[in-house]
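See below for the structure under consideration.
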Amino acid sequence: MKSKKIIFLTGTRADFGKLKPLMKALEQEKAFETHIFATGMHMLPKYGSTVDEVIKAGFKNIFSYYNQKTGNSMDAILGNTIHGFGDYVSATRPDLIIVHGDRVEALAGAVVGALNNIIVGHIEGGELSGTIDESIRHSISKLAHVHFVSNEEAKKRLLQMGEKKSNIYVIGSPDMDLMDSGYLPALSAVKKHYEIDFKEYALFIYHSVTTNLHDLSDNVRQVTKALASSGKKYIVLYPNNDSGSDIIIRELKLMSKNRNFRIFPSIRFESFLTLLKNCEFIIGNSSSGIREAPYYGIPSINIGNRQSGRFAYKTIINVRESAADITSAINKIPDVPKTPTTHFGDGKSVKRFISILNGSQIWCTEIQKQFCSEYHTDNKGMSGKKYIRR
């Protein structure tokens, strides 16, 4: 029997970390041929050239593609990625394209798949992102044919969007499989590799809010002012390469003169998880503070509105971009209950994913999508769920 070709599209250090467990497991399956299209931030030296991490992972079929130069607009990046990925898909002729999350590269992958009648699988659809990311995530969901979601909450949102129930699979977030897997490096090894001599530390990741760039300079200064005055040690990661990232990076470079800060363009995902698991708290506006940190029960301070409307939990403190408010939140960290949660996954995502791909249902997915409305009715003794095609 001919093996099925699966292409994973990865554009950032974050989505690679989430997709990697699925890629690794799939490469062990004889029924599948795994291909990786690496692009986006992976290719930029400014952000650590993380394509090297993709290559070091030992995958057989990796194709790297420069889809941007520093400073390119998101629409230009989208167009470039569609062009490059379209050519790659034409040459590879896959049976399934897997994309993740809410980045423009993932949107490009979904566009190419949908327009070429190839099944598109979307990881972590149906979630709230805030800013333009949310519009991108939902756009990907409407182009995708099958959905691998984190929880029932995400599934319900996709149903609200008219997605077919039988095409939605609740598997959990794949990165949760790594988080307590025993495959993470030891903290001592991570500190030695990255030359971190802090005994206790917090993590700081701050991204631009692309729909509110006019306030970004002042906001990031408010944040860095609070961190500097706290007297704590911070391990800092560069932001994503969104519009406004240069403003943040400029402020981070000023912070590098302070001995309490160790700043990195990128850190290997497994090493990041080790640092997260052992930190005092994480601060900024990264989804890591909303998703991964609560899994470990690590307190997080979520700043501003980038994660507005997302998961609310007792380990998360939400504050404005105000130095005074941030300082107050930092002082409250000792009182935050360190209670873990499995809201985004229980560590069995890979097993569920492989089981679905080894089954027959996914390969019978209809390429032609139609909007489905799910409703209940009790009129004249009738009840239950029905789908209306429109």
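The values are calculated or read from the model by the stated rules, or taken from the named source; none is laboratory data. Predicted model only: the values in this text are computed from it and were never measured. Positions of Cβ are generated from backbone atoms using ideal geometry, with glycine treated the same way; all protein chains shown enter the neighbour counts. Only protein heavy atoms, including side chains, enter the accessible area calculation; ligands, DNA and RNA are left aside. Shrake-Rupley method; radii C 1.70, N 1.55, O 1.52, S 1.80 Å.
What residue, among those in the stretch 367-390 that are open to solvent by 90 Å² or more (accessible area, probe 1.4 Å) and touching a Phe, Trp or Tyr at 6+ places or on another chain (Cβ under 8 Å), is modelled with the highest pLDDT? Working first, answer last.
Within the stretch 367-390, the subset open to solvent by 90 Å² or more (accessible area, probe 1.4 Å) is 368, 376, 378-380, 382, 385, 387, 389-390.
Pick out the ones that are also touching a Phe, Trp or Tyr at 6+ places or on another chain (Cβ under 8 Å) and you get 385, 389-390.
Details: K385: 48, R389: 35, R390: 31.
The qualifying residue modelled with the highest pLDDT is K385.
Conditions tested, residue by residue: (1) buried (at least 18 other Cβ atoms within 10 Å of the Cβ); (2) modelled with pLDDT of 95 or more; (3) closer than 22 Å to G289 by Cα.
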| residue | (1), (2), (3) |
| --- | --- |
| K164 | yes, yes, no |
| D180 | no, no, yes |
| H193 | no, yes, no |
| T211 | no, no, yes |
Here is a check on your reading of the model: is L78 aliphatic (A, V, I, L, M), open to solvent by 10 Å² or more (accessible area, probe 1.4 Å) and either within 22 Å of V111 (Cβ to Cβ) or more than 22 Å from the chain's Cα centre (by Cα) (or both)? yes
For L184, the lone unmet condition from (1) open to solvent by less than 30 Å² (accessible area, probe 1.4 Å); (2) aliphatic (A, V, I, L, M); (3) under 22 Å from P299 (Cβ atoms) is (1)
Output the residues belonging to the stretch 245-284 that are closer than 28 Å to T211 by Cα, open to solvent by 70 Å² or more (accessible area, probe 1.4 Å), among the charged types (D, E, K, R) and in contact (Cβ under 8 Å) with a residue 12 or more places away in the chain. D246
With respect to the numbered conditions (1) open to solvent by 20 Å² or more (accessible area, probe 1.4 Å); (2) closer than 23 Å to M179 by Cα, which one is the sole condition not fulfilled by K233? (2)
Residue check, A114 modelled with pLDDT of 95 or more, more than 23 Å from G359 (Cα to Cα) and open to solvent by less than 50 Å² (accessible area, probe 1.4 Å): no
Count of the stretch 291-349 residues which are of a type in the set (A, V, I, L, M, F, W, C), open to solvent by 20 Å² or more (accessible area, probe 1.4 Å) and within 16 Å of the chain's Cα centre (by Cα): 1
Give me a count of the residues in the stretch 135-156 that are surrounded by fewer than 17 Cβ atoms within 10 Å (Cβ to Cβ) and either within 24 Å of N302 (Cβ to Cβ) or without any contact (Cβ under 8 Å) to a residue 12 or more places away in the chain (or both). 4
When C364 is evaluated against the numbered criteria (1) touching a Phe, Trp or Tyr at 6+ places or on another chain (Cβ under 8 Å); (2) among the hydrophobic types (A, V, I, L, M, F, W, C); (3) open to solvent by 50 Å² or more (accessible area, probe 1.4 Å), which criterion, by number, is the only one it fails? (1)
What single numbered condition from (1) in contact with a Phe, Trp or Tyr (Cβ under 9 Å, 6 or more places away or on another chain); (2) modelled with pLDDT under 95 fails to hold for S256? (1)
Scan the stretch 275-308 residue by residue and report those that are among the polar types (S, T, N, Q), under 23 Å from Y47 (Cβ atoms) and assigned to a loop (DSSP other than H, G, I, E, B). N285, S286, Q307
Inside the stretch 1-53, can you point out the residues that are more than 15 Å from Y65 (Cα to Cα), of a type in the set (F, W, Y) and open to solvent by less than 10 Å² (accessible area, probe 1.4 Å)? Y47
